[in-house]
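What follows is a single structure, written as structure tokens, with notes after it.
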Amino acid sequence: MAERDQHPQHEVRPTTQAAPLPARFIPSPMLEPGHNFASVTDHISSIVLRRKMPLGWVFLFFVGLMGVGVLGLTVTKLIFVGVGIWGINHPVGWGFDILNFVWWIGIGHAGTLISAILLLLRQEWRTSINRFAEAMTLFAVASAGLYPALHTGRPWYDYWLFPYPNTMGIWPQFRSPLMWDVFAVSTYATVSLLFWYVGLVPDLATLRDRSRSKIGRVIYGAMSLGWRGSAKHWHRYEHAYLLLAGLSTPLVLSVHTIVSFDFAVSNLPGWHATFFPPYFVAGAVYAGFAMVLTLAIPARKLFKLEDFITMRHLENMGKVMLATGMMVFYSYVMEAFFSFYSGNTFERYMWTNRVTGPYWKMYAMLIVCNGLAPQLMWIKRCRTSTTWLMIGAMFSNVGMWLERFVIIPTSLHRDFLPSSWGMYHGTIWDWGMYIGSMGLFCFLLALFLKFLPMISIFEVRTMLPEAQAHAEEH
Amino acid sequence: MGIGKPIEGTYGIMAEFNDPQSLLDAANAAREAGYKDLDAYSPFPIHGLSDAIGFAHTKLSAVILAMGIIGGISGFFMCWYANVITYPLNIGGKPYNSWPAWIPITFECAILFAAFGAVLGMLALNGLPMPYHPVFNVKRFENASRDRFFLVIQSRDPKFDTDSVYKFMDTLKPREVVDVPW
């Protein structure tokens, strides 16, 4: 077909220039040409309804299942014995539990950023990856939520965190950032779930109509709530979706701000810093985009989605990683500056100890992962190579974990009095639970890939050139 | 359409189109021809289609704003009531009514309520969930979630008359025109 050779019409191209643009200035398309409404629908829905899952999926599923087993084991042991099985003790009372909580919740932020903030900024390239990234958000928040819930030591009393009228006549202490966190994280989880589900409803209707099995039609039919694509419904739907994006945007910024308040509101050197909220939010976006890349690169290969998740998407994510990575690195520099500029002995000692003390290797690796590795993304060849992007993303996944390690135990392990100094190491149960939460994440992700469309079908339809319709002037 | 209403005749007459432009033109033409009880169905939102069928306003924004305000007030009231009235705690010598500390929870509650307002409000105004609707009786309507575009003129329209609607639909060059049974 001759049409296939043309550029897709939704690409804005300068028409006034006589000379054609050199190829390197023409962005690769957001959607490979040659698709129509039917082919987009069939391609994405067939992953759920028709095709056999590829071997890579089976691997992900079983690795995830094993991880869930490890998680079950560690949680059972924890409930029977208590938090003493972890490495936390005096003076380091916050260890892997808070570290992994912050790591996971940060990863989750990219999903909301892609689905809400990029929608408001009219970044159309978000369309192919938003569903996937939102699912990642939900599963990351689920993994994150495990840690504070279990860190209470008696998780069966976790409902005490919530305000409810009780016979003891006591109420939570709402001036504490830890209470703010309870509200921020539970609101974030709820709103992310709502946003994700609302986005899914029209696609669930597609699956209902395309499913050949009775059970599929019944389940997808019930979940799609009888969606029939009426123009009136679409009108309210788009209105609600846009406003949800507008609500999620300040929400996502507030969540990691409040997480950073857990640290910044305390009086501890290394935590008590005014730049923590923007520092944490930038770190969250950086970690989250790295995780989206880590998942999207294998997924597009496995499920043959190169037409929908194009190099343009990957390159843009690489650019976001570069920008936010530099913000994170700037925060490391500012942290050093403030500790000396404060003139406070304890602040200065804390920073020197962080960099040259017993945990200096962690700090050095952190600078390599979050300071140097993102600089690769300046190079176009790296930004447009899945191998290099994957390497860059892996560095930031590790780097963001190290960052939280550097913030949490190294600020705590040397208390104000040398008699209260100590060292912190995660025990096998700490690592078991960390691996277990990764298993839970993979397991949930595998189920999502099997049962729900990983790309928003109706939004991809709107990106096709033939989706443009204009009312005649009357 | 409510339960108990006697159902007779057809729900309406449905025309099928191949592309969004035809549907938009058809909807505009139908409204110009004087039909009022119209609905159009498409696999994705089409800009201007709700205007074309004569639907331009939704109360959703007001619902979301109201819910957001209710949420914010409730969140603040909860903190104030708990920490000032019923269980006052002296934290670092701060006054009991140290309201700035309650702003994060006030904000989160406002967002939470507003988001529920957006989702539940949208579903309620759209009349969803609705497991049964006459348009699903048309076999080809399953393509409304894939690649086809449908216009329905409902039988409750004052101008509705089977023959004239069929004749009118034919002028729109549809792919197919069918009755929608109840």
Restricting attention to the stretch B:10-40, and to residues there that are more than 12 Å from B:P174 (Cβ to Cβ) and acidic (D, E), which single residue is farthest from the other protein chains (Cβ to nearest Cβ)?
B:D37
Step by step: first the residues of the stretch B:136-182, then only those that are among the aliphatic types (A, V, I, L, M) and within 14 Å of chain A (Cβ to nearest Cβ), then the one that is farthest from A:G229 (Cα to Cα). Which residue is that?
B:L172
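Do the conditions hold for A:R404, that is, is it part of a helix (DSSP H, G or I), in contact with a helix residue (DSSP H, G or I) (Cβ under 6 Å, 6 or more places away or on another chain), crowded, with 21+ Cβ neighbours inside 10 Å and within 14 Å of chain B (Cβ to nearest Cβ)? Let's see the steps before the verdict.
Values: part of a helix (DSSP H, G or I): yes; in contact with a helix residue (DSSP H, G or I) (Cβ under 6 Å, 6 or more places away or on another chain): yes; crowded, with 21+ Cβ neighbours inside 10 Å: yes; within 14 Å of chain B (Cβ to nearest Cβ): no.
Considered against the rule, which asks whether it is part of a helix (DSSP H, G or I), in contact with a helix residue (DSSP H, G or I) (Cβ under 6 Å, 6 or more places away or on another chain), crowded, with 21+ Cβ neighbours inside 10 Å and within 14 Å of chain B (Cβ to nearest Cβ), A:R404 comes out as no.
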Kindly list the number of the only condition in (1) part of a helix (DSSP H, G or I); (2) facing another protein chain (nearest Cβ under 8 Å); (3) within 17 Å of A:G229 (Cα to Cα) that fails for B:A82.
(3)
Only one of (1) closer than 27 Å to A:D415 by Cα; (2) touching a residue at least 12 places away in the same chain (Cβ under 8 Å); (3) not β-branched (V, I, T) is not met by A:F308, so which one is it?
(1)
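Could you grab me the full set of residues in the stretch B:85-117 that are more than 25 Å from A:W196 (Cβ to Cβ) and part of a helix (DSSP H, G or I)? So that I can check it myself, show each step before the final result.
The first filter runs over the stretch B:85-117 and keeps only residues more than 25 Å from A:W196 (Cβ to Cβ), leaving B:85-103, B:106.
Within the stretch B:85-117, B:I85, B:T86, B:W99, B:P100, B:A101, B:W102, B:I103, B:T106 qualify.
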Condition check: crowded, with 20+ Cβ neighbours inside 10 Å and not in a helix (DSSP H, G or I). Does A:P172 satisfy that?
yes
Residues being part of a helix (DSSP H, G or I), out of contact with any helix residue (DSSP H, G or I) (no Cβ under 6 Å at 6 or more places or on another chain) and within 7 Å of chain A (Cβ to nearest Cβ) - total across the stretch B:124-133
0
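Going through A:T294, A:T257 one at a time, which residue ends up being away from every other protein chain (no Cβ under 14 Å) and crowded, with 18+ Cβ neighbours inside 10 Å? Step through it out loud before you land on a result.
Working: A:T257 fails: away from every other protein chain (no Cβ under 14 Å).
When all the criteria are applied, what remains is A:T294.
Which of the residues spanning the stretch A:233-245 are facing chain B (nearest Cβ under 9 Å) and more than 16 Å from B:G48 (Cβ to Cβ)? Walk me through it before giving the result.
Of all residues in the stretch A:233-245, those facing chain B (nearest Cβ under 9 Å) come to A:233-241, A:243-244.
Those that are facing chain B (nearest Cβ under 9 Å) and more than 16 Å from B:G48 (Cβ to Cβ): A:A240, A:Y241, A:L243, A:L244.
For every residue, the table says whether it meets (1) within 14 Å of chain B (Cβ to nearest Cβ); (2) farther than 26 Å from A:L146 by Cβ; (3) surrounded by fewer than 20 Cβ atoms within 10 Å (Cβ to Cβ).
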| position | (1), (2), (3) |
| --- | --- |
| A:H413 | no, no, yes |
| A:P418 | no, yes, yes |
| A:M423 | no, no, yes |
| A:W431 | no, no, yes |
| A:G436 | no, no, no |
| A:F441 | no, no, no |
| A:L445 | no, no, no |
| A:F458 | yes, yes, no |
| A:E466 | yes, yes, yes |
Step by step: first the residues of the stretch A:190-232, then only those that are free of Cβ contacts under 8 Å to residues at least 12 places away in the same chain and aliphatic (A, V, I, L, M), then the one that is farthest from the other protein chains (Cβ to nearest Cβ). Which residue is that?
A:I215
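Looking for whichever is at pLDDT 80 or above and of a type in the set (A, V, I, L, M, F, W, C) here; the options are A:A110, A:A19. Which one fits?
Values: A:A19 fails: at pLDDT 80 or above.
Testing whether each residue is at pLDDT 80 or above and of a type in the set (A, V, I, L, M, F, W, C) leaves just A:A110.
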Residues located in the stretch A:225-248, provided they are among the polar types (S, T, N, Q) and either at pLDDT below 90 or in contact with an Asp or Glu (Cβ under 7 Å, 6 or more places away or on another chain) (or both)
A:S230
Among the residues of the stretch B:85-102, count how many are at the interface with chain A (Cβ under 7 Å from one of its Cβ atoms) and either closer than 28 Å to B:V63 by Cβ or touching a Phe, Trp or Tyr at 6+ places or on another chain (Cβ under 6 Å) (or both).
2
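The rows are residues; the columns are (1) surrounded by fewer than 22 Cβ atoms within 10 Å (Cβ to Cβ); (2) under 25 Å from A:G439 (Cβ atoms).
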residue: A:L71; (1), (2): no, yes
residue: A:G82; (1), (2): yes, yes
residue: A:I85; (1), (2): yes, yes
residue: A:D97; (1), (2): no, yes
residue: A:V102; (1), (2): no, yes
residue: A:I105; (1), (2): no, yes
residue: A:S128; (1), (2): no, no
residue: A:E134; (1), (2): no, yes
residue: A:T137; (1), (2): no, yes
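If I filter the stretch A:236-253 for residues that are in contact (Cβ under 8 Å) with a residue 12 or more places away in the chain, in a helix (DSSP H, G or I) and over 30 Å from B:P129 (Cα atoms), do I get at least one hit?
Within the stretch A:236-253, the subset in contact (Cβ under 8 Å) with a residue 12 or more places away in the chain is A:237, A:240-242, A:244-249, A:251-253.
Keeping just the survivors that are in a helix (DSSP H, G or I) gives A:237, A:240-242, A:244-249, A:251-253.
When the remaining residues are screened for being over 30 Å from B:P129 (Cα atoms), the result is A:253.
Within the stretch A:236-253, one or more residues are in contact (Cβ under 8 Å) with a residue 12 or more places away in the chain, in a helix (DSSP H, G or I) and over 30 Å from B:P129 (Cα atoms).
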Exactly one of A:R404, A:R414, A:R381, A:R461 is of a type in the set (D, E, K, R) and closer than 30 Å to B:I46 by Cα, and that residue is A:R461
Single residue of the stretch B:103-115 satisfying the filter (out of contact with any Ser or Thr (no Cβ under 8 Å at 6 or more places or on another chain) and at the interface with chain A (Cβ under 7 Å from one of its Cβ atoms)) that is surrounded by the fewest Cβ atoms within 10 Å (Cβ to Cβ):
B:I105
Since A:A149 meets every condition but one in (1) facing chain B (nearest Cβ under 8 Å); (2) touching a Pro at 6+ places or on another chain (Cβ under 7 Å), which condition does it not meet?
(1)
Mind telling me which of the residues B:I53, B:I64, B:I70 ends up being more than 7 Å from chain A (Cβ to nearest Cβ), without any contact (Cβ under 8 Å) to a residue 60 or more places away in the chain and of a type in the set (A, V, I, L, M)?
B:I70
Taking the stretch A:222-233 as the search range and keeping residues that are surrounded by fewer than 23 Cβ atoms within 10 Å (Cβ to Cβ) and under 29 Å from the mean Cα position of the chain (by Cα), which one is nearest to B:M14 (Cα to Cα)?
A:L225
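The values are calculated or read from the model by the stated rules, or taken from the named source; none is laboratory data. Because the structure is predicted, anything quoted here is derived from the model rather than measured. Virtual Cβ from ideal backbone geometry, glycine too; neighbours counted across all protein chains shown.
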